[in-house]
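Inspection log for the structure reproduced underneath, given as structure tokens.
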Amino acid sequence: MKRFDYYQPESLKEAYKLMEKLKGEARYIAGGTDLIVKMKQKVLTPKALISLRRVEGLAGITKNGGMSLGSMTLFREIERDPDLARIYPCLSRAASVLANPQIRNVATIGGNLCNAAPSADSAPPLMVLGATVVIEGPGGSREIPIEELFQGPGATSLDSVEILTQIKIPEPTPNSGSAFVKIGRLSQDIAIVNAAVMVVMEGRVCKECKAAVGAVASTPLRLEAVEEMVAGNSIEGDLLDAVEAKVKELVSPISDVRASEEYRREVAGVLVRRALIEAANEAE
């Protein structure tokens, strides 16, 4: 790994100025669990790193009807928050199976999202929960649906100076439930496939559904066609079979060292089916 300069600004304004001064030769760093690996592998070779650890106001969980997560909030904090586990079980579950406890003590939710890996465990839960992200830069602040953040593997809609500062999750609808499921080579490995589902139930009839999968396309993927199939129907055998088949049509996975394209396609359907059943049971 090449030598690099390291800066620790104490405000967003100071961080912007540093990034503008370094003219694209620097990278922001949060927990560093992804970035440092890429630097060691020489996938990225920035001349400087700008740490966000000391920037005030970027960490912590705020409860205000819904919840707001600072981008520097650690996965360990998310995993241990009892209110988050009760209100948004799919996100709590995703945090609890991300990597291992040592990584969760360092990795941040903002870093996981901005790394923009198609397999990011935090992305599908936040997508089905209707989360938005707040992005700030020298020109001001903007808020976008989380789906619009991801542009491709390792690519986001942030420009080089902007910083993701906050993730906002709306208050859940009554009679709703959510679930997150994942399969990896090991229980805490990078996902071969992951999936999240949120449903609003009226008895056994689903009034609203949101579904998302990861590691089966160039970005985490919302399954809007599946959502339309489920809404207004009972979650039972024939519908579940149709959902599983539809998911296999919608995904476009690749083969890599973790799994083949065929395996990912098959597993994606199974995991969405499983998450749908778990979310419906959670709603009850």
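Odds and ends about this structure:
- Residue within segment 180-190 that is under 30 Å from residue 53 (Cβ atoms), surrounded by 24 or more Cβ atoms within 10 Å (Cβ to Cβ) and modelled with pLDDT of 95 or more present: yes
- Scanning segment 91-100 for residues that are in a helix (DSSP H, G or I), more than 10 Å from the chain's Cα centre (by Cα) and not polar (S, T, N, Q) turns up just one, 93.
- Considering residues of segment 76-104 that are modelled with pLDDT under 95 and among the β-branched types (Val, Ile, Thr) only, the residue surrounded by the most Cβ atoms within 10 Å (Cβ to Cβ): 97
Matching residues to (1) assigned to a helix (DSSP H, G or I); (2) among the hydroxyl-bearing types (Ser, Thr, Tyr); (3) within 21 Å of the chain's Cα centre (by Cα); (4) modelled with pLDDT under 95:
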position	(1), (2), (3), (4)
210	no, no, yes, no
217	no, no, yes, no
228	yes, no, no, no
248	yes, no, no, no
257	no, no, no, yes
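- Boolean, residue 103 is closer than 23 Å to residue 38 by Cα, under 12 Å from the mean Cα position of the chain (by Cα) and outside the structural domain of residue 38 (by TED's automatic domain parsing): no
- When restricted to residues that are surrounded by 23 or more Cβ atoms within 10 Å (Cβ to Cβ), among the aliphatic types (A, V, I, L, M) and part of a loop (DSSP other than H, G, I, E, B), segment 112-162 contains 3.
- Top-ranked residue of segment 254-276 - restricted to ones that are in contact with a strand residue (DSSP E or B) (Cβ under 8 Å, 6 or more places away or on another chain) and not small (Gly, Ala, Ser), ranked as surrounded by the fewest Cβ atoms within 10 Å (Cβ to Cβ): 274
- Every condition in (1) of a type in the set (Ser, Thr, Tyr); (2) under 16 Å from the mean Cα position of the chain (by Cα); (3) surrounded by fewer than 17 Cβ atoms within 10 Å (Cβ to Cβ) is met by residue 234 except one, and the failing one is (2).
- Condition check for residue 41 on (1) at pLDDT below 95; (2) closer than 30 Å to residue 177 by Cβ: one failure, at (2).
- Listed conditions (1) among the aliphatic types (A, V, I, L, M); (2) touching a residue at least 12 places away in the same chain (Cβ under 8 Å); (3) in contact with a helix residue (DSSP H, G or I) (Cβ under 8 Å, 6 or more places away or on another chain) are all met by residue 19, apart from (3).
- Evaluation of residue 55 against (1) of a type outside the set (D, E, K, R); (2) in a helix (DSSP H, G or I); (3) touching a Leu at 6+ places or on another chain (Cβ under 7 Å) (one fails), failing number: (2)
- Only one of 29, 36 that is surrounded by 12 or more Cβ atoms within 10 Å (Cβ to Cβ), closer than 16 Å to residue 162 by Cα, hydrophobic (A, V, I, L, M, F, W, C) and within 20 Å of the chain's Cα centre (by Cα): 29
The values are calculated or read from the model by the stated rules, or taken from the named source; none is laboratory data. Everything numeric in this text was worked out from a predicted model, so none of it was measured. Every residue, glycine among them, receives a Cβ derived from its backbone with ideal geometry; neighbour counts consider all protein chains shown.
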